[in-house]
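So the structure is just underneath, and the comments pick up after that.
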Amino acid sequence: MLITEAIKTDYKKYIGSLIMINFASISITRWAQSGELFFLVLSFRDLIASYFFAKRQNAEVKSTKTMAIIAYISSGLPLLYFSAPFGLEIRLYRLIADLLTIVGFLIVTWATIDLGTKLGVSPAKRGTKQTKGLYRFIGHPMYLGYGIAQLGWIFINKWNIYIYLTSLVLFLIRAKSESNLFAKDGMSK
Amino acid sequence: MKMTLKVVALLLAIGASAQTIKSYADEIASLPELITEQETVLVNLLNNGKAELREGNEPQVVLTEEEKKELIIKNMVHYIRLIEGKEILLEELQRQQFPDLDIRGILEGRQNPGI
């Protein structure tokens, strides 16, 4: 994949930061309405992401527009998950799905904290490769977290398996692209 | 700073998990009572044809046939939700067979309309 682009002013980080603040607001509202702590986990993560987006390091190397599109599609894909047929959920499956979502988003939050100012949606090289925190043990903990969080949707509606598999494939593509960015940059030095 | 944020996230996740498990346990614990209550409502609806909607000194509400049907169906669906009979309901709807109906009676009725 083509991976080089001239360094430009990163105005998109402020857009990303605003979007995350909006998501956090929605989550806090949902928490206030329902009392469910999960929304507080979500809003906490969104606020952290908002902060790191605003402070984000400039990208030294970016991926192609195609890769960026894939990344944004991957980010928005969870919105397509189906609810239980006719709204009839099985309680145990709902419990399993909720717990998987909480665990998954905890991992995502930790990964966001570890990534810090290197955070981004589309693959890019921002400084050195992160190797601390969760990144010491797993190459792409954020995708692992999302994968765990979304797994519960299969319990809610069996047809979600296709969306889930698509999501996993897109995560793999993004992870490969990110790894390639660092590998090729390392070889060029 | 990062460690503090991680600890806060972990505490929130533990709290959310505990809350989720407790909600589930409470729901399961109250299920038998809820099912019994719903069965009572359904039996009343099917037997009396009137909803026991009055509270205190309010007069009993008399329903039309359409309102009665709607109320029965809604309460049946709620009952099926409670007993988690979703799969069986969907299978029955897809199969479109009604083994408990008196098919013979229906067919005989069509042959002998009684005119």
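The values are calculated or read from the model by the stated rules, or taken from the named source; none is laboratory data. What you see is a predicted model; the values in this text were computed from it and never measured. Every residue, glycine among them, receives a Cβ derived from its backbone with ideal geometry; neighbour counts consider all protein chains shown.
Okay, here's what the table says:
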read-out	value
A:Arg45 touching a Phe, Trp or Tyr at 6+ places or on another chain (Cβ under 9 Å), assigned to a helix (DSSP H, G or I) and in contact (Cβ under 8 Å) with a residue 40 or more places away in the chain	yes
Subset of segment A:150-168 that is among the hydrophobic types (A, V, I, L, M, F, W, C) and in contact (Cβ under 8 Å) with a residue 60 or more places away in the chain - its residue that is surrounded by the most Cβ atoms within 10 Å (Cβ to Cβ)	A:Trp153
Residues being surrounded by 22 or more Cβ atoms within 10 Å (Cβ to Cβ) and more than 30 Å from B:Lys86 (Cβ to Cβ) - total across segment A:92-114	8
Test: residue in segment A:135-156 that is over 20 Å from A:Phe38 (Cα atoms), more than 14 Å from the chain's Cα centre (by Cα) and not in a loop (DSSP other than H, G, I, E, B)	yes
Where B:Thr4 falls short, out of the listed (1) modelled with pLDDT of 90 or more; (2) surrounded by 15 or more Cβ atoms within 10 Å (Cβ to Cβ)	(2)
Count of segment A:115-146 residues which are small (Gly, Ala, Ser) and buried (at least 19 other Cβ atoms within 10 Å of the Cβ)	5
Residue match in segment A:28-37 (condition: away from every other protein chain (no Cβ under 14 Å), in contact (Cβ under 8 Å) with a residue 12 or more places away in the chain, small (Gly, Ala, Ser) and surrounded by fewer than 20 Cβ atoms within 10 Å (Cβ to Cβ))	no
Counted residues, segment A:51-83 - those being assigned to a helix (DSSP H, G or I) and crowded, with 20+ Cβ neighbours inside 10 Å	5
Residue in segment B:91-105 that is within 14 Å of chain A (Cβ to nearest Cβ) and modelled with pLDDT of 90 or more present	no
Options A:Thr166, A:Thr128: the member that is part of a helix (DSSP H, G or I) and not hydrophobic (A, V, I, L, M, F, W, C)	A:Thr166
Those residues of segment A:105-134 which are within 12 Å of the chain's Cα centre (by Cα) and more than 10 Å from every other protein chain (Cβ to nearest Cβ), in sequence order	A:Ala111, A:Leu115, A:Leu119, A:Gly120, A:Val121, A:Ser122, A:Pro123
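One line per residue, one yes/no per condition, for (1) under 17 Å from the mean Cα position of the chain (by Cα); (2) among the hydroxyl-bearing types (Ser, Thr, Tyr); (3) within 12 Å of chain B (Cβ to nearest Cβ); (4) within 25 Å of A:Arg126 (Cα to Cα):
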site: A:Phe39; (1), (2), (3), (4): yes, no, yes, no
site: A:Phe53; (1), (2), (3), (4): yes, no, no, yes
site: A:Tyr72; (1), (2), (3), (4): yes, yes, no, yes
site: A:Tyr81; (1), (2), (3), (4): yes, yes, no, no
site: A:Ala84; (1), (2), (3), (4): no, no, yes, no
site: A:Asp98; (1), (2), (3), (4): no, no, yes, no
site: A:Val103; (1), (2), (3), (4): yes, no, yes, no
